[in-house]
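Here the structure is laid out as structure tokens; the discussion comes afterwards.
The values are calculated or read from the model by the stated rules, or taken from the named source; none is laboratory data. Just so it is clear, the structure is predicted and the values come from calculations on it, not from any experiment. Positions of Cβ are backbone-derived with ideal geometry, glycine not excepted, and every protein chain shown enters the neighbour counts. For accessibility, only protein heavy atoms count, side chains too; no ligands or nucleic acids. Shrake-Rupley method; radii C 1.70, N 1.55, O 1.52, S 1.80 Å.
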Amino acid sequence: MRIFIVDTFYGPYLERLYAGGALTHQPWTVQHKAHFAGGFGTGDAYSHGLGLLGVEAIEIVANSTPLQQAWAREHQPELLQLVQGAQQLFAILEAQIRWWQPTVLYVQDINWLPAAFLQHVKPLVEMVVGQNACPLAPGLDLSPYDLLLTSLPNYVGKFRDQGVKAAYFPIGFDERLLQRHRTEGPRPHALTFVGGLGGFHSQGTQMLEAIARELPLQVWGYGGEQLPADSTLRQRWRGEAWADDMYGLLASSQITLNRHIDIAEGYANNMRLYEATGMGACLLTDARVNLPCLFEPDQEVVTYETPAEAVSKLKQLLANPQAAAGIAARGQARTLGEHSYSQRMALLVDLLERRRPKAGTPLNRTPRRQEVLVACPANLYSRIPKALKQALQGQHDHHRFILLSDGDSHDPGCQGQPRWCSPALNSNPQLAKCCLDATEPTQLLIVEESNDVNHGPTWTDHLKQEAEQRQIVCNSISPSP
């Protein structure tokens with residue numbers, strides 16, 4: 001398998017990269033390496049992690065005009081006779097695909113590449129795969145994609161409803177960043193936020209504004225210049241911070257904040273979860289239904305439901321730096337142990353190989369871990385049979401047990417185990433569907449009374465119907481007396 005990864009970088013970052021003009025005159029290989037040296041976005045973490053698995057892969061920053069023109073000068077100079085702008089970039093990208101002869105065309109920015117281009121180059125590859133977890137451009141045509149991957153559980157069904165195969169694929173952390181940034185030294189910034197302000201982050205910005213009014217929050221990110229002049233957040237804004245500058249800030253922060261984009265709809269997914277914990281900061285993040293499948297709340301990260309709760313917990317952490325440091329250390333250990341891009345790439349290869357239209361030579365790898373979803377109403381949680389509860393709380397080489405419940409995620413009895421917990425399951429069946437989308441269980445176990453009499457379908461009834469439609473093995477488990 002050969003994977004050709006098409007990415008785009010933030011325009012101002014590219015302008016800074018080429019400031020002064022010296023890089024423009026360097027060979028393509030030098031320019032290409034320079035794009036990934038600063039740690040912007042996912043950098044070359046995908047090709048690096050895939051290479052460790054024996055999979056050939058390359059990242060192309062398709063919207064970097066000097067980089068792409070350098071490749072054309074060295075390989076097909078006639079392409080530079082075309083008009084400037086997007087058409088030239090698309091022509092160079094097509095030539096690169098023909099030159100590299102990939103099995104998979106992997107598009108990181110599905111809003112940037114037009115459907116007509118993808119349809120044109122689709123005969124050159126076995127699969128066209130896209131990855132997305134951001135707002136979609138209006139009228140975006142997804143029909144060229146054979147598969148869409150997303151770190152947002154709610155986007156899996158969204159894509160499938162548009163007729164495209166989709167799967168859940170969480171993002172992660174590039175552990176090589178720790179070779180460039182020290183995380184064990186002094187952390188001069190007590191409380192920071194690095195990220196977008198306003199726009200698609202309007203709800204989170206309101207939360208940050210409330211925190212800034214009460215605590216010495218320092219803020220970096222794009223969109224700060226658009227905040228009102230009398231905004232406390234605007235007064236604390238220190239400008240933008242990308243790539244290594246951002247990681248340096250996180251590595252020097254005792255506590256850092258996170259909030260998810262509005263489209264996340266109650267799910268945890270963003271890069272800051274892994275960037276902040278990976279750099280050893282104590283992360284305060286918004287409580288999300290699936291977060292306990294990624295981090296243990298208030299043990300590896302700290303969560304909040306409201307601005308008032310965020311302020312209260314921050315005051316406690318600032319007053320007890322040793323407790324914050326302990327949470328930070330546990331969060332970093334979890335990220336390095338389970339959420340690195342090296343580990344994510346093994347999952348990516350599995351996702352691609354299981355969906356390849358043509359049978360290829362499978363890689364030698366460990367068997368895919370089987371997911372077992374245990375659905376249990378909150379009123380029966382204390383009566384889960386002992387063996388099943390031990391399975392939920394244990395670590396297994398080839399299985400992972402995940403609890404789905406309408407109870408409280410902070411219930412002491414369920415801490416320490418992967419779980420989706422939300423009282424909203426009773427009123428919103430879509431939550432259970434999203435859980436099935438994200439976990440793709442091979443088996444569903446439902447804890448239920450055999451003679452239960454109720455006044456209508458329950459959320460477990462809806463879940464059972466959905467599982468049957470997906471041909472998931474479903475069994476009922478009687479609770480202990």
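A few points about this structure:
- On the stretch given as the stretch 29-63, residues that are among the hydrophobic types (A, V, I, L, M, F, W, C) and touching a Lys or Arg at 6+ places or on another chain (Cβ under 8 Å) total 4.
- Test for residue 72: is it surrounded by fewer than 21 Cβ atoms within 10 Å (Cβ to Cβ), touching a Leu at 6+ places or on another chain (Cβ under 8 Å) and not in a loop (DSSP other than H, G, I, E, B): no
- Test: residue in the stretch 22-30 that is on the phi > 0 side of the Ramachandran plot, open to solvent by 50 Å² or more (accessible area, probe 1.4 Å) and either without any contact (Cβ under 8 Å) to a residue 24 or more places away in the chain or not aliphatic (A, V, I, L, M) (or both): no
- Residue within the stretch 422-433 that is touching a Gly at 6+ places or on another chain (Cβ under 7 Å) and among the charged types (D, E, K, R) present: yes
- Restricting attention to the stretch 292-315, the residues being under 17 Å from the mean Cα position of the chain (by Cα) and surrounded by 23 or more Cβ atoms within 10 Å (Cβ to Cβ) number 3.
- Among the helices (runs of 4 or more DSSP H) confined to the stretch 302-355, the ones with at least 2 residues that are in contact with a helix residue (DSSP H, G or I) (Cβ under 6 Å, 6 or more places away or on another chain), among the polar types (S, T, N, Q) and closer than 22 Å to residue 39 by Cβ are located at 321-338.
- Selection count, the stretch 201-244, where residues are surrounded by fewer than 15 Cβ atoms within 10 Å (Cβ to Cβ) and either assigned to a helix (DSSP H, G or I) or in contact (Cβ under 8 Å) with a residue 24 or more places away in the chain (or both): 8
- Residue satisfying all of: in the stretch 261-286; open to solvent by 10 Å² or more (accessible area, probe 1.4 Å) and at pLDDT below 95; farthest from residue 170 (Cα to Cα) among these: 262
- Yes/no for residue 329 being touching a Cys at 6+ places or on another chain (Cβ under 7 Å) and more than 21 Å from residue 169 (Cα to Cα): no
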